[in-house]
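Enquirer: For reference, the structure I am asking about is given below.
The values are calculated or read from the model by the stated rules, or taken from the named source; none is laboratory data. Since the structure is predicted, the reported quantities are computational estimates derived from the model, not experimental observations. A quick note on method: Cβ atoms are made from the backbone with ideal geometry, for glycine too, and the neighbour counts reach across all protein chains shown. Just so you know, the surface numbers come from the protein's heavy atoms only, side chains and all, with ligands and any DNA or RNA stripped out. Shrake-Rupley method; radii C 1.70, N 1.55, O 1.52, S 1.80 Å.
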Amino acid sequence: MDFNSSDTLAGPRREDVLPATAASAVKVVIVGGFGVGKTTMVGSVSEIRPLTTEETMTQAGIGIDDDYGSATKTATTVAMDFGRISITEQLVLYLFGTPGQERFWFLWNGLFEGALGAVVLVDTRRLEVSFDVIGRLEERGVPFVVAVNSFPGAPRYPVAELRAALDLPEEIPILHCDARRRASSRDVLLSLMRFLHSLSTAPS
Amino acid sequence: MTGARRERRAPTGSAANPERLYVLTGGTEAAERAALDLVTLIVARGEAPPTAPPEQAALLRMCATPLSVAELSAYLNLPFSVVTVLLTELLAARLVEARAPVVRSALPDRTLLEAVMHGLQQL
Ligand SMILES: Nc1nc2c(ncn2[C@@H]2O[C@H](COP(=O)(O)OP(=O)(O)O)[C@@H](O)[C@H]2O)c(=O)[nH]1
Ligand SMILES: [Mg+2]
């Protein structure tokens, strides 16, 4: 890589620079199957053009299978789109859109563990692809809301029916959204924050 | 409805640990890397010394104002693990400062959540 070429390594555009006062950040993860609208949602609410961070890993092959006695290695690259919303001069919110394959989550230290919570984005034409992801969040104790992205031609089920199919308790918010619309994506995030707030006020 | 139904799962307390199956590109042991989150904010403490390798100089230029590790990874076009290795060196040399994120705790911080809600309502 040529680190001296200024065009590729220009860094943030002037309007994408955070104030020097930015002191801490929080993150929310948007998780769902391929093509469900994660990147669209990140892009619609982000104040910066969505960016991509990647991780490459090498999976050691099982067994000895070449002349030199070394194991075969398979390189896998996993990418994640993300965006940013400045909350105050001190606080910044980051949104990460991540594919639902849990086996890659560890690549980004504490992606879910440190997140305030998650948005599970679902498409009613293939609700089953989100079953595993929801289960993983439950196991990890990550609070989440479910946002149903409204694609044309996708069946629109009442929330009660979705709740039954997803086997979600009454308190977990399920809402319809249009990930392309900023106001709609913002409402999904607000719903997650209200839910988190209710967890902190609920009698235990 | 398609008929497929999910079954609720209980919290397990700890997540399965697939780490040992993989080797990160960064190439160093995890212990040699600073504990940096994707949203740890990095700020340069000064100019790059003339001896700084080009990738360090590029990184230091970028975080003249605060920038998350994720943004650095995106702008430098380097994997997250490689950026954390670079940052570990820069932190040790006291060339950058790291501002830790606010992470979820057992009891969510209501003041923080209220601030985020207020910020979102301004969008
Ligand atoms: N009609 C409609 N299309 C959408 C919506 N959200 C995303 N899309 C489209 O669906 C496709 C996949 O979205 P994308 O955000 O790339 O999905 P990802 O794989 O989850 O990141 C794109 O062509 C989007 O324009 C939505 O709410 N309504
Ligand atoms: Mg995407």
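Enquirer: Regarding the stretch A:68-85, can at least one residue be identified that is within 11 Å of another protein chain (Cβ to nearest Cβ), away from ligand 1 (no atom under 16 Å from the Cβ) and either within 30 Å of residue A:150 (Cβ to Cβ) or at pLDDT 90 or above (or both)?
Expert: yes
Enquirer: For residues in the stretch A:26-36 being near ligand 1 (Cβ under 6 Å from one of its atoms) and closer than 23 Å to residue A:110 by Cα, which is farthest from the other protein chains (Cβ to nearest Cβ)? I'd like the intermediate steps shown before the answer.
Expert: Step one: filter the stretch A:26-36 for residues near ligand 1 (Cβ under 6 Å from one of its atoms), giving A:32, A:34-36.
Filter once more, keeping what is closer than 23 Å to residue A:110 by Cα: A:32, A:34.
Numbers: A:32: 14, A:34: 18 Å.
Within the stretch A:26-36, the match that is farthest from the other protein chains (Cβ to nearest Cβ) is A:34.
Enquirer: Does the stretch A:169-182 hold any residues that are within 11 Å of chain B (Cβ to nearest Cβ) and open to solvent by less than 40 Å² (accessible area, probe 1.4 Å), and which are they? Steps first, please.
Expert: Initial filter on the stretch A:169-182 (within 11 Å of chain B (Cβ to nearest Cβ)): A:169, A:172, A:182.
If the condition is that a residue be within 11 Å of chain B (Cβ to nearest Cβ) and open to solvent by less than 40 Å² (accessible area, probe 1.4 Å), then A:169, A:172 are the ones that fit.
Enquirer: Could you list, in sequence order, the residues of the stretch A:30-52 that are farther than 19 Å from residue A:182 by Cβ and crowded, with 22+ Cβ neighbours inside 10 Å?
Expert: Passing the criteria: only A:31.
Enquirer: Does the stretch A:156-176 contain any residue that is within 14 Å of the chain's Cα centre (by Cα) and modelled with pLDDT of 95 or more? Don't jump to the end; show me each part of the working.
Expert: Let us first name the residues in the stretch A:156-176 that are within 14 Å of the chain's Cα centre (by Cα), namely none.
No - not one qualifying residue is present in the stretch A:156-176.
Enquirer: For the stretch B:77-105, what are the residues that are at the interface with chain A (Cβ under 9 Å from one of its Cβ atoms), at pLDDT below 95 and within 15 Å of residue A:26 (Cα to Cα)?
Expert: B:100, B:101, B:102, B:103, B:104
Residue-wise test of (1) out of contact with any helix residue (DSSP H, G or I) (no Cβ under 8 Å at 6 or more places or on another chain); (2) facing another protein chain (nearest Cβ under 9 Å); (3) free of Cβ contacts under 8 Å to residues at least 60 places away in the same chain.
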site	(1), (2), (3)
A:88	no, yes, yes
A:101	yes, no, yes
A:106	no, yes, yes
A:118	no, no, no
A:126	yes, yes, no
A:136	no, yes, yes
A:158	yes, no, yes
A:164	yes, yes, yes
A:167	yes, yes, yes
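Enquirer: Open to solvent by 10 Å² or more (accessible area, probe 1.4 Å) and farther than 21 Å from residue A:84 by Cα: which single residue out of B:115, B:93, B:74, B:98 fits that description?
Expert: None of the others qualify; the one that does is B:93.
Enquirer: If you scan the stretch B:49-68, which residues turn out to be within 11 Å of chain A (Cβ to nearest Cβ), farther than 16 Å from residue A:14 by Cα and part of a loop (DSSP other than H, G, I, E, B)?
Expert: Answer for the stretch B:49-68, where residues must be within 11 Å of chain A (Cβ to nearest Cβ), farther than 16 Å from residue A:14 by Cα and part of a loop (DSSP other than H, G, I, E, B): B:52, B:53.
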